[in-house]
Structures are given as structure tokens and as C-alpha cells.
Amino acid sequence: MIAKNIKGKSFKGCVRYVMNDTAKLLEVEGVLAGTTEEIIRGFAMQRSGRKEIKQPVGHIPISFAPEDRERMTDAFMVLLAKEYMEEMGIKNTQYIIVRHHNSDNDHLHIVYNRIDNNLKLISVNYDYKRNIKVCKKLKDKHGLTYGKGKERVKREKLRTPDSVKYLLYDIIKAILPYCTDEKDFQDFLQSKGINVEFKQRRTTGEIEGISFIYDNVSFKGSQIDRKFSYGNLKKEFEKNLAEAQHQERLKQEKAEIEARLKAQQAEREREKQELLRKQEEAEKTPLPKQNIVVLGVELTDEQQNTLTSGAHTFLENLMSEDGKTKFSAYAFLNDEKNTVYFTSENPDKFIKYGKYEMRLRDKALIEDGQITKATVKWWGGGSYAHPYLWKADKADTEYQESWGDPRLLKEEQKPKETKLKVPKVQEKKRGRGI
């Protein structure tokens, strides 16, 4: 994996170059994934916020060794590109990731805006040294081929002691990600006939070095590779242990979450069964006769049946809530039939409200923040429609509309056979004077 950081002045030239006939757009962030010109316009628009910046274009070509070709799926290339940008501090900005198929080596191009989404300039100071460090880190992390070095050495042509050295290198590199302490490491190598010796300080007994012996040939860890000095090996053990502990915690947390969800599901099922049992008992038990009392007036059977059927009735000698005034008014219920509303005029009178001509009662319910299945004049008044109308907030100037009941879940939208039950209506006076 080799990367190069390039700065430029023009998104137009850079984007057109990378979006050639062999290009495949793998990922887009912050610009339209449309035509080349749309991508250019997206970059240019954000760049215009900092016109004093002379080189706003960031261009990073990244190529990979032929030995890694089989691993270079589109998804893996995107992963490597995004990890590279993260390590280089290229964040919170527009970018495109493009794969090219115009050469023997698999490679991609990153084009990004050095002016980020907050119009801050992304620094490229010391990017040469950082680039080398980041490429090495990603190659080690994902086991990618180094352009030069031990991975390219032809083992079959080596003789002792070099053949032993490279054998040790290959084995240690392969097992190291799975070892969490010195004992794991030592036990595995000994199973392969490799002896491990630790050098200890005479004064403290603390381990300060490591050696490997195979076929009567001995190498210090740092002689095999600097990564295999005892200090670096210990860091890898600690990192592997932390990762193993993290994975174990995740496993435990997942098990705990699944157990809680299972318990919650069982509790919901129990509550559901209990509710069904109570409903069945309630249906078997006849409701006592109880007439509604509204602001001191007990309704007659006829008036009560009229209200609960959805119609309106005229009531006299109603007592105001402060108990000082008597009045008469038309009364009707809301859709849920749990609140009485009053109007001084016939609530079935049609008035213009918003884009519809609707009943006065519908307007009263909407203004009070209720959801109502309104009756509106349709197609010039020759017919009627019944949309659901409401205000999310009483202070809203416009109401909202839906042709399905917004109070129900989607799976409950299907019509159901229901038994009318008359709850006790609150003695609540609303909408007077509408």
C-alpha cells in the first residue's frame, strides 16, 4: 500500500481526471453522486466560502501490491481509504473515493475538500512523514504486502541462519495477534519446536529481553524484526488482551440485552393476556344504566343516545364552571366521545376554514387541538369527504391532514368490528362562542 498526498487549485481538473472511462465511483460524501459536473459543482460551492485559500483541492492516489489483488474488493478498498483519511486527520469534509482499472496494479483515488464543512482548513503540515507512518500502520493492521522487506524475500533460496530467521519471523507474525501474555506466546512456539528465553534484570527480576532458539540457531527478538523486541511484544500482548476483554464484555452485554428483551416480551405477553381476560369479563358483565350529567344537567335517554351516536343536541340551563351563570347551547362530543363541546350555533352548520368548507363542530375540535374525522364539502359541494384534521399545537395557524387515522399504528388501520361503549363524559366546556 503506497499513498501520495497532492494539493491542487482546481476541482474541475482533478475530478475530471479521476472520473475517467475506467473509473468506478465507490463512495461519495457531501456532494451529489451524479454526473462529473455535479460533483465538481458540489466541491466548488463549499470551496467558495474560503476564496483566499489558493490550494483547496486534496488528491490522494493509493496503490496496492499485486500480491493483495485477490483481497481488493470495492468494500475493502473503501474501508482502507476511510481509515487512511481518519488517521491523516481528513474529517468532516466532502470527498469522493474512485477506483481505477486502467493499470495492472489495483489503485484508487481520494479527492477531498481541504475546506471542511465548518469552512476550516484541513492542515497538511508534515503530511509526508505522517503518510509513511499511516501506510505502515494500515499494512500491519490488515496484513497487507510491503513493497520491500521480509515479505518479499524468497525463502526457498535462503540458507541457515537466514532461513531460520525468516521462519521465526513468519511464525511469530502469524501467531502474535492471538497471544495475550508471555505464557500463551511461549507455549505456542514451544509446540512448534521453538524455545523462548527471557532475559531478566539481576536487580529486579523484571523481563527486559527475549530470544528465540530453533535448530540450534538463536536470535534476539529485535534481530528478527524491531517489532519483535520484548517491549514491542508486550505492547501487542496488552493490546490483544484489551481487545479480548472488550469482545468478552460485548458478548456479555449482548447476552444481558437479549435476556432483558426476552423478559420484557414475556411481561408484555402476560399483560396482553391479562387485558384480554379483563375485556372478556367486562363483555360478559352488563353495564349499569347511567345517564350522563353535563354541567349540572342530567341528559334524557334521548339526548344521551343522540350525543353518543355522534349527533348534537340543544341543552338548556347549563351551569358555567364557576357556578355563577346559566346558559343554553348546542352540545356534541369529540370523536373519542369523552369530552362535551358547546357552540352557540348549530354545530352542523358549514363554514369556510382553511382550504375546506367544513362543519362548525369540526372547526371547534381542530382549534382545541383534537384529532377529528371531519366532514368537508367535496367537488364543489356536491358530495362530502372525511379527512382526519388536527393541529399539532393549538397555536399553529394551519391544520394538518391525513386520510388515515394518525392515532393508529399502520397494522391497525384495517377496519375492525367494535362494540360501542359509552364512557363517563367529562364535564368540560370548550369552544363556546365559536
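The values are calculated or read from the model by the stated rules, or taken from the named source; none is laboratory data. None of the values given here were measured: they were computed from a predicted structure. Ideal geometry is used to build each Cβ from the backbone, glycine not excepted, and the neighbour counts take in all protein chains shown.
Could you tell me which of the residues 237, 219 is surrounded by 10 or more Cβ atoms within 10 Å (Cβ to Cβ), assigned by TED's automatic domain parsing to the domain that holds residue 181, at pLDDT 90 or above and touching an Asp or Glu at 6+ places or on another chain (Cβ under 7 Å)?
237
Filter the stretch 11-39 down to residues that are β-branched (Val, Ile, Thr) and more than 28 Å from the chain's Cα centre (by Cα) and give me whichever is surrounded by the most Cβ atoms within 10 Å (Cβ to Cβ).
Filtering first and then ranking leaves 15.
For the stretch 305-363, enumerate the residues that are in contact with a Ser or Thr (Cβ under 9 Å, 6 or more places away or on another chain), among the basic types (Lys, Arg) and either in a loop (DSSP other than H, G, I, E, B) or closer than 22 Å to residue 401 by Cβ (or both).
337, 349, 359, 361
Could we say that residue 97 is under 17 Å from residue 30 (Cα atoms), surrounded by fewer than 20 Cβ atoms within 10 Å (Cβ to Cβ) and either aliphatic (A, V, I, L, M) or not assigned by TED's automatic domain parsing to the domain that holds residue 31 (or both) here?
Against the criterion (under 17 Å from residue 30 (Cα atoms), surrounded by fewer than 20 Cβ atoms within 10 Å (Cβ to Cβ) and either aliphatic (A, V, I, L, M) or not assigned by TED's automatic domain parsing to the domain that holds residue 31 (or both)), residue 97 does not qualify.
Right, residue 92: among the polar types (S, T, N, Q), modelled with pLDDT of 90 or more, exposed (fewer than 14 other Cβ atoms within 10 Å of the Cβ) and not in a helix (DSSP H, G or I) or not?
yes
State whether the residues of the stretch 2-14 include one that is farther than 30 Å from residue 143 by Cβ, without any contact (Cβ under 8 Å) to a residue 24 or more places away in the chain, assigned to a helix (DSSP H, G or I) and hydrophobic (A, V, I, L, M, F, W, C).
no
Give the residues of the stretch 262-298 that are part of a strand (DSSP E or B) and in contact (Cβ under 8 Å) with a residue 40 or more places away in the chain, sorted by residue number.
Residues satisfying the conditions are 293, 294.
Suppose the filter is among the charged types (D, E, K, R), closer than 27 Å to residue 338 by Cα and out of contact with any Ser or Thr (no Cβ under 7 Å at 6 or more places or on another chain); does residue 281 pass it?
Judged against the criteria, residue 281 is a match.
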